[in-house]
Amino acid sequence: MRARSTTVQGNPQNLDKGIHYVSDRVLPAVMGMDGFIGLSMLADRQSGRCIITSAWEDTAALQRSAAEVKAMRARAADILGGPATVDAWTIDVLHRLHPTHPGACTRVTWMRNRPQHLDGMIDAFGMSIVPRLEDLPGFCSVSMLTNHDDGRSTTAATYDSRDAMQASLERATELRRDFARAMGAELLEVATFDLVLAQLRVPETV
């Protein structure tokens, strides 16, 4: 399974307009495309930063959608009021403990490792980190996306609410630190977002 993420550093004042555009125009359009299996949108209402991620059955479906999605991406960036950057990923880990509801929040972690170490990192994350995340109060789901060309990975852990996410901070920080050290990975960034849109049919891998 593949994913395409579009990150827009937008204007906080434009977020609601951008969310409505993605929900009302982008989502219905991509739902009709062959191989589409999901879309999510994360938003930081303080900074205006948004991450819109679409999921596809395979590389061919990802590539078939590229031209039409490009125009919608440009329009979303224009509405949100900021530049857009695009990344392609492989969906290596996806686990849902239960569905999300309005008010859910997500903590996203970006790491980098040597490309040849990614397979071992993916296995270790699924076997050792996912079961520990399940024990955190308010935990909903987690995904791990990777770029096997440059060794980058991004994990997104979603919680019922911002309070639940904040309550998990100490334990999640410890898990992240220990995992990065054990895998020899470089921690690039950690950021938190509101989960403002989640329409996912991506099959679980764990």
*Selection within the stretch 23-56 - over 22 Å from residue 141 (Cα atoms) and among the β-branched types (Val, Ile, Thr)*: 26, 30
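Rundown of residues vs (1) outside any strand (DSSP E or B); (2) surrounded by 14 or more Cβ atoms within 10 Å (Cβ to Cβ); (3) in contact (Cβ under 8 Å) with a residue 40 or more places away in the chain, yes/no style:
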site: 92; (1), (2), (3): no, yes, yes
site: 98; (1), (2), (3): yes, no, yes
site: 119; (1), (2), (3): yes, no, no
site: 130; (1), (2), (3): yes, yes, yes
site: 137; (1), (2), (3): yes, no, no
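Filter the stretch 139-157 for residues that are touching a Lys or Arg at 6+ places or on another chain (Cβ under 8 Å) and under 18 Å from residue 43 (Cβ atoms); which is surrounded by the fewest Cβ atoms within 10 Å (Cβ to Cβ)?
Pass one, the stretch 139-157, residues touching a Lys or Arg at 6+ places or on another chain (Cβ under 8 Å): 140-141, 146, 150-153, 156-157.
From the residues that got through so far, the ones that are under 18 Å from residue 43 (Cβ atoms) too are 140-141, 156-157.
Numbers: 140: 24, 141: 23, 156: 20, 157: 25.
Going through the qualifying residues, I end up with 156.
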*Is one or more of the residues making up the stretch 138-147 more than 14 Å from the chain's Cα centre (by Cα) and modelled with pLDDT of 95 or more?*
yes
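Looking at the structure I just gave you, is residue 164 among the small types (Gly, Ala, Ser), over 19 Å from the mean Cα position of the chain (by Cα) and part of a helix (DSSP H, G or I)? It would help to see each step written out before you state the result.
Working: among the small types (Gly, Ala, Ser): yes; over 19 Å from the mean Cα position of the chain (by Cα): no; part of a helix (DSSP H, G or I): yes.
So residue 164 does not fit the description; no.
When the stretch 6-24 is examined, which residues are found to be closer than 13 Å to residue 75 by Cβ and under 17 Å from the mean Cα position of the chain (by Cα)?
Looking only at the stretch 6-24, we keep the residues that are closer than 13 Å to residue 75 by Cβ, and these are 6, 8, 10, 14, 17-18, 20-22, 24.
Across the stretch 6-24, the qualifying residues are 6, 8, 22.
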*Which members of the stretch 169-185 meet the condition of being surrounded by 13 or more Cβ atoms within 10 Å (Cβ to Cβ) and touching a residue at least 40 places away in the same chain (Cβ under 8 Å)?*
172, 175, 176, 179, 180, 183, 185
_In the stretch 30-82, residue surrounded by the most Cβ atoms within 10 Å (Cβ to Cβ) [restricted to those that are among the small types (Gly, Ala, Ser) and under 14 Å from the mean Cα position of the chain (by Cα)]_ = 55
*asked:* Looking only at the stretch 21-51, filter to residues that are touching a Lys or Arg at 6+ places or on another chain (Cβ under 8 Å) and among the hydrophobic types (A, V, I, L, M, F, W, C); which one of those is farthest from residue 192 (Cα to Cα)?
replied: 33
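The values are calculated or read from the model by the stated rules, or taken from the named source; none is laboratory data. Keep in mind that what you see is a predicted model, and the values were worked out from it rather than measured. Note: ideal-geometry Cβ built from the backbone for every residue, glycine included; neighbour counts use all protein chains shown.
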